[in-house]
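The values are calculated or read from the model by the stated rules, or taken from the named source; none is laboratory data. Keep in mind it's a predicted model, so treat the numbers as computed, not measured. No Cβ is skipped: glycine too gets one built from the backbone with ideal geometry, and neighbour counts run over all protein chains shown.
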Amino acid sequence: MLPIVTYTIRVEMQALSIKNLTKTYANGVEALKGIDFTVEPGDFYALLGPNGAGKTTAIGIVTSLVSKSGGKVEIFGHDIDTDLEAAKSCIGLVPQELNMNLFDTVLNIVVNQAGYYGIERRVAMQRAKIYLGELRLWDRRNDVARNLSGGMKRRLMIARALIHEPKLLILDEPTAGVDIEIRRSMWNFLKQTNEAGTTIILTTHYLEEAESLCRHVAIIDEGRIIEDASMSAILRKLQREIFVLSLRDPIHAAPDLKGLETTLRDEFELEVAMSAGDDLNSLFDKLSDVGITVLSLRNKTNRLEELFMGLVAGKPAASA
Amino acid sequence: MNLRTNWVGFKTIVRKEVIRVVRIWVQTIVPPAITMTLYFIIFGNLIGRRIGLMDGFQYMQYIAPGLIMMSVITNSYGNVVSSFFGAKFGKHVEEMVISPMSNATIIMGHVAGGVIRGLMVGSVVTVIALTFTDLSVHHPLITFSMVVLASMVFALLGFVNAVFAKKFDDISIIPTFILTPLTYLGGVFYSISLLPEFWQKVSLGNPILYMVNAFRYGILGTSDISIGYAYLIVGFFVAGLFTLNLVLLNRGIGIRE
């Protein structure tokens, strides 16, 4: 008798798959009009859109805080209609609004959350030390949450979301109202978390944050996905960019650079508008020809913001 | 359903609830102790001496089981309604809603918390009662099982209230307009045999009457109603209210948009 050989084909499932997702609230507001998108495992995915676009509703449905009207949601292959418990186990959520017991201690908040995911207290305490330590809250573990600063409360929500070590971390405007120093330390922490293998979905109004952290972007507006591509692909769609050049020596009039639009901001700063296809080498050659030395350059506005405004507000991209 | 996840989740909710009760003991334990002391002094001692015997017992002895039961049920109710509504109001109910714990576990955890507070307050009131009168438990099993079941009924009722409540006023409506009148008319202070026949029949529609009388039977060995019937009614309420809560949570009422 011939031996039976079995082959196992491992199909890499998506971290999140959303198909034709709709939501109409009881008051008749149609928040989602059939959105589709997928997030690959390990991705750092930005979900952007103006206020009221449907981002928080979509996240609410994925995390079971909002009931969907129609469509299908799968988290690491677990359908929320048929396998909700397993789907929920995969997710950690940092919501937009504070949703913790402000009268409870930092440690209790994190350890209780672990308990809700079936993690014994002994293990939860060990993990709490790690995550509260990484987010610089361990020294405040016995303080009640209401005594923390706004930035600390945000970091506490991140620690709480990570305590059960989810495969998919969803952050709904995690850095809103946080000062720049803490924001950047949170970015570093989130980058490390993503590099360690956690898939992250981020919604934010700070487009610099999305551009800095995310590899994939979806833009949602009025309940529909209007853009869904990799960050590099989406940024290549910019038709025009404006650079601000810092000059070594003062100039008193904008130079005439053939084919480029220039504006003098002040005697040490020059704006140059470049179209897609123009290269920076030719710009520097032209500047050298007229005797201008550039010390540094930067984008006048965030590139993603330019594109976002073009897509959402119907404004032409990079209309400065 | 993952039993381990739910068991750890259940223990976490119970632990959280007990810590809450103990942390705010001035709000949870002291007020019922003061109220019940006043009941014993005024109704039991001052007025009770003029009333004489009730069903063959001194009036103080007669009302003691009812007062203990009254403190248990009001505190079981109050604990669950304030805790779960507080969690909704502060949005930290979301911590549980997004977790893989089943809705049944969420209900059972809060009910257990309510029962524990009810029993804690009931124990304090029993100690107070013992400073005023002698009590010897005739049927310990009936006494304990009935106080736990009655506590469960009102903890479950408190959960229903919390699910529907949208503002803090909503959590005081049922205690004020339903719970307190039913408790006072539930045979805590009198035997229904004192009532005219019509009102005796009306009293039989009050579930608290069965709980108070079965508990009194456990302690004093006297009751206005059949004990078996009391268990049947209380059991029916436990099962019915648990099912109702489960249906409400499964439909997302009060916890999901």
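Are any residues in the range B:212-237 in contact (Cβ under 8 Å) with a residue 12 or more places away in the chain and not in a helix (DSSP H, G or I), and if so, which ones? Listed by number, the residues that qualify are B:Gly221, B:Thr222, B:Asp224, B:Ile225.
If only one of B:Ile29, B:Ile68, B:Ile24 is surrounded by 22 or more Cβ atoms within 10 Å (Cβ to Cβ) and either within 14 Å of chain A (Cβ to nearest Cβ) or at negative phi (or both), which one is it? Every option except B:Ile68 fails the conditions. So, in the range A:78-98, of the ones that are assigned to a strand (DSSP E or B) and among the hydrophobic types (A, V, I, L, M, F, W, C), which residue ends up surrounded by the most Cβ atoms within 10 Å (Cβ to Cβ)? Ranking the candidates gives A:Ile91 first.
Against the definition (free of Cβ contacts under 8 Å to residues at least 40 places away in the same chain and either in contact with a Cys (Cβ under 7 Å, 6 or more places away or on another chain) or under 17 Å from B:Tyr77 (Cβ atoms) (or both)), how does B:Gly240 come out, yes or no?
It is true that B:Gly240 is free of Cβ contacts under 8 Å to residues at least 40 places away in the same chain and either in contact with a Cys (Cβ under 7 Å, 6 or more places away or on another chain) or under 17 Å from B:Tyr77 (Cβ atoms) (or both).
Which of the residues belonging to the range B:42-68 are touching a Gly at 6+ places or on another chain (Cβ under 7 Å) and under 18 Å from B:Thr180 (Cα atoms)? Correct list: B:Ile63, B:Gly66, B:Ile68.
In the set B:Phe85, B:Phe132, only one residue is of a type in the set (Phe, Trp, Tyr), at pLDDT 95 or above and on the phi < 0 side of the Ramachandran plot; that residue is B:Phe85.
Is it the case, given these coordinates, that B:Gly86 is surrounded by fewer than 22 Cβ atoms within 10 Å (Cβ to Cβ) and free of Cβ contacts under 8 Å to residues at least 12 places away in the same chain? So B:Gly86 passes the test. No other residue among B:Phe164, B:Phe154, B:Phe189 is in contact with a helix residue (DSSP H, G or I) (Cβ under 6 Å, 6 or more places away or on another chain), at negative phi and at pLDDT 90 or above apart from B:Phe154. The set of residues from the range B:94-130 being over 23 Å from the mean Cα position of the chain (by Cα) and assigned to a helix (DSSP H, G or I) comprises B:Glu94, B:Glu95, B:Met96, B:Val97. Considering the range A:176-202, and only residues there that are of a type outside the set (Gly, Ala, Ser) and under 21 Å from A:Thr57 (Cβ atoms), the residue that is surrounded by the most Cβ atoms within 10 Å (Cβ to Cβ) turns out to be A:Ile201.
Would you point out which residue out of A:Leu270, A:Leu257, A:Leu245 is assigned to a loop (DSSP other than H, G, I, E, B) and over 29 Å from A:Phe44 (Cα atoms)? From the options A:Leu270, A:Leu257, A:Leu245, the qualifying one is A:Leu257.
Counting just the residues of the range B:201-225 that are out of contact with any helix residue (DSSP H, G or I) (no Cβ under 9 Å at 6 or more places or on another chain) and not basic (Lys, Arg), which one comes out surrounded by the most Cβ atoms within 10 Å (Cβ to Cβ)?
Within the range B:201-225, the match that is surrounded by the most Cβ atoms within 10 Å (Cβ to Cβ) is B:Gly221.
Residues in the range A:157-174: is at least one over 19 Å from A:Thr198 (Cα atoms) and of a type in the set (A, V, I, L, M, F, W, C)? No, every residue in the range A:157-174 fails to be over 19 Å from A:Thr198 (Cα atoms) and of a type in the set (A, V, I, L, M, F, W, C).
Tally up the residues in the range A:288-297 that are closer than 25 Å to A:Arg236 by Cβ and either at pLDDT 90 or above or loosely packed, with under 12 Cβ neighbours inside 10 Å (or both), please.
Adding up the residues that qualify gives 2.
Scanning the range A:49-66 for residues that are surrounded by fewer than 24 Cβ atoms within 10 Å (Cβ to Cβ) and more than 14 Å from chain B (Cβ to nearest Cβ) yields a total of 4. For the residues B:Gly187, B:Gly240, the requirement of being away from chain A (no Cβ under 14 Å), within 20 Å of the chain's Cα centre (by Cα), among the small types (Gly, Ala, Ser) and in a loop (DSSP other than H, G, I, E, B) singles out B:Gly187.
For the range A:100-143, enumerate the residues that are among the polar types (S, T, N, Q) and either farther than 25 Å from B:Asn6 by Cα or within 14 Å of chain B (Cβ to nearest Cβ) (or both).
A:Asn101, A:Thr105, A:Asn108, A:Asn112, A:Gln113, A:Asn142, listed by residue number.
The residue list B:Ser123, B:Ser102 contains one member that is surrounded by fewer than 24 Cβ atoms within 10 Å (Cβ to Cβ) and more than 14 Å from every other protein chain (Cβ to nearest Cβ), which is B:Ser123.
Quick one: in the range B:226-243, of everything that is loosely packed, with under 15 Cβ neighbours inside 10 Å and of a type outside the set (Gly, Ala, Ser), which residue is farthest from B:Ser193 (Cα to Cα)? Show your work before the answer.
Taking the range B:226-243 and keeping what is loosely packed, with under 15 Cβ neighbours inside 10 Å, we get B:226, B:228-229, B:232, B:235-236, B:239-240, B:243.
So of that shortlist, the ones also of a type outside the set (Gly, Ala, Ser) come out as B:229, B:232, B:236, B:243.
Values: B:Tyr229: 18, B:Leu232: 22, B:Phe236: 25, B:Thr243: 35 Å.
Across the range B:226-243, the extreme among qualifying residues is B:Thr243.
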